[in-house]
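No lab work stands behind these numbers, since they all come straight from the coordinates. Predicted model, so just to flag it, every value in this text is computed and none were measured. Note that each Cβ is placed from the backbone with ideal geometry, even for glycine, and that neighbours are counted across all protein chains shown.
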Amino acid sequence: MTVRPIRPDDVPAVVGLVRELAEYEKAAHEVRLTEEQLRTALFGDSPKLFGHVAEQGGEVVGMALWFLNFSTWRGTHGIYLEDLYVQPGHRGTGLGRELLRTLAELCVQRGYSRLEWWVLDWNTPSIDFYRSAGAVPMDEWTVFRLADDALTGFATDRRIREGRTTS
């Protein structure tokens, strides 16, 4: 069992894991990620995405994709965990815990004050796992999102009201 930073040759396997995660979360139809997009995000000129993989027997069977956020209240960066996934046949072996622990260690080493993520309300196995690690839900907060047509519409609203059609 090994947890290590993602390498360029891991990209196809990680894209596959993202698709498996989306299927598990009943949202496979929403995945648009390509290998090229992930490779650029992780290894392009100015990477903003980072990640680790879990290997068992030389095969990538789990991953954690993350990026930095910032707490204005604490005055420090933190890690936002975008995706944590271990294939079903490898769950219960400690790989998920090691992926999460690796990110916690990075936070401590770098002086980051938080490690945060979202989990679907119905995903009881993951919620139980996160609670066992000492994580607490942020029940007072509601997630909001602008995407697709709503994002485009809101972004262009001011230009339209001001009679401009280009930026």
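General observations
- The magnitude of the dipole of the chain, with charges of +1 and -1 set on the Cβ of Lys/Arg and Asp/Glu and taken from the Cα centre, is near 520 debye.
- In the range 29-106, the GluC sites (Glu not before Pro) that fall in loop regions by DSSP, at most 16 other Cβ within 10 Å: none
- When HIS77, HIS29 are sorted by how many other C-beta atoms sit within 10 angstrom of their C-beta, beginning with the fewest, the order is HIS29, HIS77.
- DSSP loop chymotrypsin sites (Phe, Trp or Tyr not before Pro) with at most 14 other Cβ within 10 Å excluded, longest remaining stretch of the chain: 1-72
- Relative exposure of HIS90, HIS52, judged by other C-beta atoms within 10 Å (fewest first): HIS90, HIS52
- Where the Cα pairs of the chain fall when distances are cut into 5 Å bins, in %: 1, 7, 14, 18, 19, 16, 11, 6, 3, 2, 1, 0, 0
- For the range 85-97, Karplus couplings with θ = phi - 60° (6.51, -1.76, 1.60), whole Hz, Gly/Pro x: 8, 10, 4, x, x, 10, 6, x, 9, x, 5, x, 4
- Degrees, to the nearest 10: 148-161 long Cα axis against longest axis of the chain: 30
- For the range 53-65, the Karplus equation 6.51 cos²θ - 1.76 cosθ + 1.60, evaluated at θ = phi - 60°, returns couplings of 10, 10, 10, 9, x, x, 10, 6, 10, x, 7, 9, 10 Hz by residue, with Gly and Pro reported as x.
- Amide H contacts under 5 Å for PHE70: GLY78, restricted to partners 5 or more places along the chain or on a different chain, H placed in the peptide plane at 1.01 Å from N.
- Backbone geometry of the range 19-31 corresponds, through the Karplus equation with coefficients 6.51, -1.76 and 1.60 at θ = phi - 60°, to 3J(HN,Hα) couplings of 5, 4, 4, 4, 5, 4, 8, 6, 9, 4, 5, 8, 6 Hz, x marking Gly and Pro.
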